[in-house]
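See structure below.
We did not get these values from a lab; they are worked out from the coordinates using the rules stated. Because the structure is predicted, anything quoted here is derived from the model rather than measured. All Cβ positions, even for glycine, are placed from backbone atoms using ideal geometry, and neighbour counts span all protein chains on display.
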Amino acid sequence: MSTANPLPLWQPDPQRIAQAQITKFQSWAAEHHGAPALGGYPALHRWSVDELEAFWKAVTQWFDVRFTSPYARVLGDRSMPGAEWFPGATLNYAEHALRAAATRADEPALLHVDETHEPRPVTWTELRRQVGSLAAELRALGVRPGDRVSGYLPNIPQAVVALLATAAVGAVWTSCAPDFGARSVLDRFQQVEPVVLFTVDGYRYGGKEHDRRDVVTELRRELPTLRAVVHIPLLGTEAPEGALEWSDLTSADVDPVFEPVPFDHPLWVLYSSGTTGLPKAIVQSQGGILVEHLKQLGLHCDLGPGDRFFWYTSTGWMMWNFLVSGLLTGTTVILYDGSPGYPDTGAQWRIAERTGATLFGTSAAYVMACRKAEVHPSRDFDLSTVRCVATTGSPLPPDGFRWLHDEVREDLWIASVSGGTDVCSCFAGAVPTLPVHIGELQAPCLGTDLQSWDPNGTPLVDEVGELVVTNPMPSMPIHFWNDPDGSRYHDSYFAMYPGVWRHGDWITLTSRGSVIIHGRSDSTLNRQGVRMGSADIYEAVERLPEIKESLVIGVEQPDGGYWMPLFVQLAPGAALDDALLDRIKRTIREQLSPRHVPDEVIEVPGIPHTLTGKRIEVPVKRLLQGTPLDKAVNPGSVDDLELLRFYEELARKRA
């Protein structure tokens with residue numbers, strides 16, 4: 001057997017292929033839109049990128065997208081950035097998310113699970129009623145289309161209701177998880193100036209209660225644009241003075257009124273950290289997200305009304321927004337609010353059993369933690385409903401594929417997927433009709449012309465290159481907040497290859513059409529799928545008087561692990577003792593997030609810089625991954641080459 005064509009780990013049987021939505025879509029699109037009837041997924045994908053307008057028109061018809069006013073054409077302008085989708089059309093995302101209420105009134109739209117692991121249903125009728133009530137109250141508070149509404153909330157049904165009510169009135173949703181400290185939240189929300197804040201008094205995690213009332217007080221003080229604060233008493237406390245009670249706003253029995261908004265009207269703001277300055281406030285559109293998520297969830301994830309969709313996430317990660325969009329396909333969405341490993345590492349499998357999950361989504365890090373802890377999912381839990389285990393946040397290592405195959409089920413569709421907050425979707429990943437190969441994503445997604453390029457823009461096959469997308473996707477940002485001339489947006493994705501989206505990942509496209517992701521090609525820190533710029537950490541750590549300067553690096557390891565050391569140059573007379581170590585870790589935990597506490601704090605003689613004074617992050621990362629010094633950095637661009645020898649030596653010792 002040649003290595004170019006190894007045996008797949010899994011193949012869908014003919015019945016599964018025939019029943020997949022994507023198979024039915026292809027036959028229908030062949031009949032109505034000129035798609036190829038033969039040639040399976042590769043032919044369909046080729047058509048979807050070659051005939052972009054025909055493909056997206058077909059998606060809107062297949063999923064019966066309801067345009068309140070019709071579109072003039074599918075793509076008014078295809079240049080990137082700035083592509084113009086479905087000009088003239090108006091619609092509403094929330095209307096589509098609640099459509100199943102008409103046919104599945106008393107079935108669960110949401111299953112809410114906390115650390116007791118007891119699922120509590122919210123029916124489609126009840127979800128629709130609460131959204132109707134809250135949307136009316138938001139309008140009464142003066143919330144208008146385009147206003148921003150923010151949530152400092154865990155993954156609970158109230159967060160879904162608040163998002164959908166916000167979208168129903170045409171306002172713009174944005175959320176952070178309550179494990180974020182005040183500074184992290186303000187760095188995000190202050191940029192977008194919300195008029196309403198939904199907040200909890202605290203949350204439960206790992207068997208403990210975490211009171212967040214002090215943080216809420218600080219948020220109220222530091223967000224002068226707020227006209228209303230809505231209190232959700234998760235821990236049972238009284239509403240603070242001047243706050244409204246959640247129950248009062250969601251008790252009326254009224255039908256939701258859906259504001260028809262232009263296709264490119266903003267739906268929500270997500271945040272991704274650059275390496276300098278504030279997190280990027282990424283704005284995506286109602287229509288763009290609607291059609292992209294229908295395609296992704298309905299065709300790639302093969303979800304429909306009989307399914308139950310679980311993904312372990314928090315409201316601070318794009319996967320939460322993606323999870324909520326499961327409602328678009330009539331799927332029951334499972335919301336888990338709690339620690340991924342409480343009371344034991346097998347917690348997420350127990351939730352899958354208790355809820356009857358059909359698509360089980362988690363992080364690659366969780367799969368590897370289960371393997372390490374010798375969890376045996378199929379022995380200890382009934383996972384007979386689970387058809388697909390999907391992973392994201394970082395590439396799933398080969399051992400993770402083998403472990404899922406051996407420990408969950410041999411006939412298991414394993415979907416390692418990769419995308420980004422930037423598009424709130426996947427570039428590559430799940431295809432229900434294709435085989436799964438160990439360590440590989442099945443294929444690029446429909447409508448996404450994914451390529452691997454060398455520095456000169458030459459496409460590569462079976463070689464590592466930059467992940468690029470050469471055609472527009474509807475869910476690409478319409479703009480960044482507070483970026484009036486679009487320069488920050490342009491510099492984030494389009495500076496390297498004009499007119500082509502460069503994502504910042506290293507990938508290989510194999511000659512059989514699968515995709516391998518090798519981690520970031522830049523210095524963004526990616527911890528369990530939560531991305532943070534190094535600048536956030538420098539700002540916090542360097543406030544400590546003992547720290548002169550610091551350098552933080554996230555290194556993807558060959559075994560699928562992720563090593564994040566923090567290098568510190570100390571001020572004269574300071575010592576890196578236990579007390580200082582504790583303060584460094586506490587500072588990061590409290591001011592930024594517990595996920596970004598470094599694995600090690602290492603004292604260094606100095607931090608290397610470019611000649612223009614920028615810290616050298618990517619070359620140090622490459623040194624730590626074993627790249628020789630002369631290949632990792634251009635020596636003429638460094639202020640002190642000797643300093644880099646320290647990191648080279650450290651990499652040698654670790655290896």
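Listed values for the stretch 480-490 are Karplus-derived 3J(HN,Hα) couplings in whole Hz (6.51 cos²θ - 1.76 cosθ + 1.60, θ = phi - 60°), namely 9, 5, 6, 9, x, 9, x, 5, 5, 4, 4, and x replaces Gly and Pro. When each of Ile588, Ile516 is scored by the number of other beta-carbon atoms lying within 10 Å, the sequence from fewest to most is Ile516, Ile588. Debye sum, Cα scatterers, the stretch 1-141, no solvent: what log₁₀ I/I(0) at q = 0.10, 0.17, 0.20 1/Å? Normalising to I(0) and taking log10 leaves -0.62, -1.11, -1.17.
Close amide H pairs (under 5 Å, H built 1.01 Å from N) link Gly151 with Thr174, Ser175, Cys176, Phe198, residues at least 5 positions away or on another chain. With contacts taken as Cα pairs under 8 Å and at least 6 residues apart, the stretch 261-345 reaches a relative contact order of 23 percent.
Once Lys and Arg get +1 and Asp and Glu get -1 on their Cβ, which of Thr332, Tyr71, Phe646 lies farthest toward the positive end of the dipole of the chain? The Cα lying farthest towards the positive end belongs to Tyr71. Simple rule: put +1 on each Lys or Arg Cβ and -1 on each Asp or Glu Cβ in the chain, find the dipole, and look at Val552, Thr123, Leu592; the Cα lying farthest toward the positive end is Thr123.
Bridges between two residues of the chain, per DSSP, are antiparallel at a rate of about 55%. Hey, what did the stretch 129-252 get for relative contact order, percent, Cα under 8 Å, at least 6 apart? So the answer I get is 27 percent. Counting Lys and Arg as +1 and Asp and Glu as -1 over every other residue whose Cβ lies under 15 Å from the Cβ of Arg16, the net charge comes to -2. The amide H of His609, built 1.01 Å from its N in the peptide plane, has Ile616, Asp639, Asp640 as neighbours under 5 Å, considering only residues 5 or more places off or on other chains.
Here the Karplus curve 6.51 cos²θ - 1.76 cosθ + 1.60, taken at θ = phi - 60°, turns the phi angles of the stretch 99-109 into couplings of 4, 5, 4, 5, 10, 10, 2, 9, 7, x, 7 Hz, with x standing for Gly and Pro.
Treat each spin label as a single point 7 Å out from the Cα along the C-beta direction, and report the Ala655 to Ala18 distance in nm. The two pseudo-label positions are separated by 5.4 nm. Here are labelled values, (i) 3, 13, 21, 22, 19, 11, 6, 3, 2, 0, 0; (ii) 3, 13, 20, 19, 17, 13, 9, 4, 1, 0; (iii) 3, 15, 27, 28, 19, 7, 1, 0, and one is the computed P(r) over Cα pairs in 10 Å bins from 0, in percent for what I pasted. Which one? Calculated P(r) over Cα pairs in 10 Å bins from 0, in percent: the matching label is (iii).
Only Cα pairs under 8 Å and 6+ residues apart enter the sum, and on that basis the relative contact order of the chain stands at 13 percent. Using only alpha-carbon positions in the stretch 155-244, the gyration tensor eigenvalues give semi-axes of 20, 16, 13 Å once each is multiplied by 5 and square-rooted (largest first). One chain, two ends: Glu374 and Leu581. Fully extended at 0.36 nm per residue, the span grows by 71.4 nm beyond their Cα-Cα distance. Counting Lys and Arg as +1 and Asp and Glu as -1 over every other residue whose Cβ lies under 13 Å from the Cβ of Gly560, the net charge comes to 0. Between Leu460 and Asp248, what FRET efficiency comes out of the Förster formula 1/(1 + (r/R0)^6) with R0 = 56 Å and r the beta carbon distance, rounded to 0.05? With a Förster radius of 56 Å, E is 0.45. Among the GluC sites (Glu not before Pro) within the stretch 192-259, those in coil by DSSP and having at most 16 neighbouring Cβ atoms inside 10 Å are Glu238, Glu241. Taking amide H positions as modeled 1.01 Å from N, with prolines and chain starts lacking one, the residues under 5 Å from Asp505 and 5 or more places away or on another chain are Leu467, Ser521. The stretch 1-54 and the stretch 227-296 have Cα centres separated by 36 Å. Sparsely packed loop sites in the stretch 346-417 (the GluC sites (Glu not before Pro) outside DSSP H, G, I, E and B with at most 10 other Cβ atoms within 10 Å) comprise Glu374, Glu410.
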